1. Could you pull out every residue, at least 5 positions away or on a different chain, whose amide H is within less than 5 Å of the one on L295? Hs are placed 1.01 Å off N in the peptide plane, and Pro or chain starts have none.
2. What three numbers, in Å, describe the spread of the alpha carbons of segment 260-310 along their principal axes, ordered from the longest?
3. Taking only protein heavy atoms into account and a 1.4 Å probe, give the accessible area per residue of segment 195-350 in Å².
4. Tell me the net charge near C42. Cut-off is 13 Å between Cβ atoms, C42 excluded, with +1 for each Lys or Arg and -1 for each Asp or Glu.
5. Just to check I understand the Karplus step: with θ = phi - 60° and J = 6.51 cos²θ - 1.76 cosθ + 1.60, what whole-Hz values come out for segment 264-271, glycine and proline as x?
6. Could you list which residues have their amide H under 5 Å from that of A267, counting only those 5 or more apart in sequence or on another chain, with H placed in the peptide plane?
7. Between A244 and residues 5 or more places away or on another chain, which pairs have amide H atoms under 5 Å apart, with H built 1.01 Å from N, and which residues are they?
8. Might you report the magnitude of the Cβ-based charge dipole of segment 234-291 about its Cα centre, with Lys and Arg at +1 and Asp and Glu at -1, to the nearest 20 debye?
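The values are calculated or read from the model by the stated rules, or taken from the named source; none is laboratory data. A quick note: this is a predicted structure, and the numbers were derived from the prediction, not measured. Backbone-built Cβ (ideal geometry, glycine too); neighbour counts: all protein chains shown. Each accessible area value is taken on the protein alone, full model and side chains, heavy atoms only, with ligands, DNA and RNA left out. Shrake-Rupley method; radii C 1.70, N 1.55, O 1.52, S 1.80 Å.
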Amino acid sequence: MHTKARIHADPVLEFDQFDCLPDSLVLLILNKLEDVRSLGRCSAVSKRFSGLVPLVHDVCVKIDHVVTVDGDSDDALNLSSPKPHNIISHLFKLMLFAIAKPFHDMRSPNSTGRPLFPQLSQHSPVQVLKNFSHVRNLQVELPSGDVAVEEGVLLKWRAEYGSTLQNCVILGGTLVDRKAAGNGHEPSLDDNGSMPESFYTNGGLKLRVVWTISCLIAASTRHYLLRSIINDHPTLRSLVLADAEGQGALSMGAEQLKDFREHQLSASPCSNRTQVPACNMKLKYAQYLELPGGLALQGATLLVIKPASDGSSSGHGNRKEVDAFVSGAFDGPLRFAAKALMKRRTYLLEMNGF
């Protein structure tokens, strides 16, 4: 008879090799994750991770599903509609179940049954971020843009804020496939950079005014809703609030965050947003603008907006800063479009605060 071979388990290692890594290296790895849900899952791995996750410097919060306090789905907000019902104004009043659920469902490693983050029972993003005590760079991504546009219309905006608006740029037009459109959309030979008469009579100027007001309202609403996060995180150095569609982005740097904390916000009396100051605007327009990659913009419009109270708006140094902001606001073909429009004739407009 052949004796049966016995299988013996390997001797238990006396220590985990991962424990040899210093905390600073583990934090470097966790910072690369950024995503708040991934970090939430990591916090449930071990007591060590549970203690290190709150020390992460770089955090990205992606909001991809919104439910109300009563548990209604995002249908209540009509998010799938081409014209969502002002999702931004409801953002921090609503429960963001998909963000907080990884934290809320996690239990402490000692199996006591207690959630690692017990204060997240309300599933608020503000509450989620309160568990990170050393956040320096924060990105928040909304599920959709705030300004409804017709199919085929391109509308992008970027804004810089301190305690109030500092810079804003809006790029819009009808995006067409140059190759598919053929010669029917070629630029007219008499395009000398001036506005055509039809621009004033067919509603073109009115549409640009609507774009401007809508984008400024979206930016000021995002700005107002960030106040709790900024006040709760004195370590913040940069903050970006964008959306998954890439329509708009509000950004704040270290100096702007400092200005936000030191000066009282001017809230709009009509809604939950900060007041938009009186502004000076430079409008640049091209009937047809060819872009790299076989695309083109019809009715290409660039709006550069600065507060009217900025006394340095005419200074050469300030102008270079604004040009740099506009040039860096967009990527790819849109960056090309912004730079090309900056060379066009300038039309000056003024807008009262609202």
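1. Under 5 Å from the amide H of L295: R178.
2. Answer, in whole Å and largest first: 47, 23, 21 Å.
3. Accessible area per residue, segment 195-350: 47 Å².
4. Net charge in that neighbourhood comes out at +3.
5. Coupling constants for segment 264-271: 6, 6, 9, 7, 6, x, 9, 6 Hz.
6. Here the answer is Q275, since their amide H atoms fall under 5 Å of that of A267.
7. The answer is L142, S144.
8. The calculation lands at about 180 debye.
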